[in-house]
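Structure record follows, encoded as structure tokens.
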Amino acid sequence: MGRRGELFELIDGAPLGLQSLTGSLWKWRHNERSRQAVDQLAQRRGSSVSHLAIGGPVGETSDEHLRVWLVLPDHWRIESTDRIDLKNGTSRWFGGPTHITEIDHDRSTLDDAELGFLIRPGVHLIGSIRLMEPVDDEVAGRRCWRMESTTEAIGISRHNHGPMSLGMQLGGIDHRFWFDAETGIILRHVGLIDDEPCAITEFKDLTINRPIPDKDFQFVLPPGATVENQIDAMIRMAEMRGVDLTGVDRTDPDAVRAAISGSMRPNPPTGPVRLDIQKAKHIPVGPPPDDETAARSLIEYAYSHHDETDEAGEVLVNVQGGVGLVESLEQAHRRIPGSPDGVARFVVDGIKFLRPDEAIVWYSVEIDGNRLGFVTGREGRAVLRGGRWVIEHATLVDLIGMAGVEVPPPSS
């Protein structure tokens with residue numbers, strides 16, 4: 001069968017003989033290289049990607065140290081000072097140091113958790129990588145097999161994982177894996193781009209198959225934190241987004257989730273009920289403009305021509321403080337999902353004047369006539385400056401930042 005055949009069986013059967021583990025998990029990422037890797041993978045499949053999934057600019061590199069406890073099949077605890085993901089078999093808690101969401105009767109599996117990719121690599125990798133010739137190595141004091149994988153060798157796995165999934169979840173275009181020789185789990189992964197590391201994930205201080213007491217999976221509320229049941233969090237999110245929950249069973253998570261999902265489909269109607277809810281949250285502090293119809297028309301023009309520049313091509317003329325924003329906007333356009341050419345159109349859904357020189361604007365972004373779900377009915381502002389209605393600087397900066405693009409400070 002050979003070493004590659006033995007490695008295939010090892011990965012496919014992982015986690016062989018594993019009942020429990022404790023240890024720490026180190027995650028390192030070079031942010032710019034990671035973004036470049038995702039961009040290249042997206043271009044190869046003829047699309048683009050939102051960098052919400054990998055975060056905006058947060059410095060050159062970032063690393064995280066997590067403590068992990070696992071008892072198969074459905075007890076895990078993954079935590080750091082900044083976050084926690086805990087499941088005790090029936091309920092699950094996840095969130096940050098001040099706000100935690102609780103899910104009763106949780107149906108998630110280990111594959112839905114951060115450890116899934118590492119503990120059950122066969123589910124995620126078989127079919128998506130070609131097994132190269134392994135070599136002997138050691139990680140965390142354990143004997144392992146190291147294997148290289150290149151982009152050209154990657155297809156689609158049995159669970160529809162492929163280059164983009166690996167690039168988003170583990171990082172990198174090319175990959176280097178260290179598989180535990182006994183259990184088959186991934187002890188270390190290095191994602192690379194142009195032979196430079198862009199992401200590293202590695203177990204440290206690993207202990208396997210020692211008993212873990214039940215108390216280690218008991219949820220303890222961190223000081224100063226609040227717990228919110230998932231259904232309450234979903235309802236709150238739906239109401240913040242203006243989702244119409246009329247007739248929806250608010251005790252049924254699937255029903256609320258379906259209502260939220262329905263509001264994010266391409267070309268969703270921006271109904272009057274949804275806009276009325278959003279408008280009611282804003283109280284005018286002054287009268288509207290003298291010529292309200294003309295002002296609305298000028299605001300709509302500013303949004304629909306958000307990328308219009310001066311003759312030199314250096315200033316966005318329809319944006320407050322539009323100096324220095326042209327390049328950032330162009331980068332953001334190129335990163336819009338489904339728009340490799342960066343063609344985006346702003347559509348104004350509603351306007352409410354707060355005073356003669358300021359208005360709330362609800363707008364959507366369309367690509368080839370299809371609205372982007374995460375930028376549908378988004379709230380922004382327009383301001384009157386020098387007799388001209390323009391998009392508020394912060395509104396455009398907020399949108400550009402969603403694509404992970406750095407924005408220079410506003411011009412004076």
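Coordinate-derived values only; no laboratory data. Note that this is a predicted model, so its numbers are computed, not measured. Quick reminder, even Gly has a Cβ in these numbers, built from the backbone with ideal geometry, and neighbours come from all protein chains shown.
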FRET efficiency for residue 280 and residue 260, using Cβ-Cβ distance with R0 set to 25 Å, rounded to 0.05: 0.80
Calculated diffusion of segment 279-402, Stokes-Einstein form, Kirkwood radius summed over Cα pairs, 20 °C and 1.002 mPa s, µm²/s: 145
Additional length obtainable on full extension of the chain from residue 250 to residue 143, 0.36 nm per residue less Cα span: 33.4 nm
Assigned charges on the beta-carbon of Lys, Arg, Asp, Glu; segment 279-402 dipole about Cα centre (debye): 580
Charge tally in the Cβ shell below 14 Å around residue 66, where Lys, Arg are +1 and Asp, Glu are -1, residue 66 excluded: -2
Qualifying trypsin sites (Lys or Arg not before Pro) for segment 161-249 [loop in DSSP, other Cβ within 10 Å: at most 15]: none
Interchain or long-range residues, amide H under 5 Å from residue 315's placed H: 310
Phi-based couplings in Hz for segment 85-90 (Karplus 6.51, -1.76, 1.60; Gly and Pro marked x): 9, 10, 10, 9, x, 10
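Fewest first, what order do 290, 244 take by the number of other Cβ atoms within 10 Å?
Ascending number of Cβ neighbours within 10 Å: 290, 244.
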For residue 380, distant residues with modelled amide H under 5 Å away: 361, 362, 363
Approximate shape of segment 199-240 as ellipsoid semi-axes (Cα gyration tensor, √5λ), whole Å, largest first: 33, 18, 11
Counted charge near residue 142, where neighbours are those whose Cβ lies closer than 15 Å (Asp, Glu -1; Lys, Arg +1): -2
Integer Hz, Karplus 6.51/-1.76/1.60 couplings in order for segment 215-225, x for Gly and Pro: 4, 5, 10, 8, 7, 10, 5, x, x, x, 8
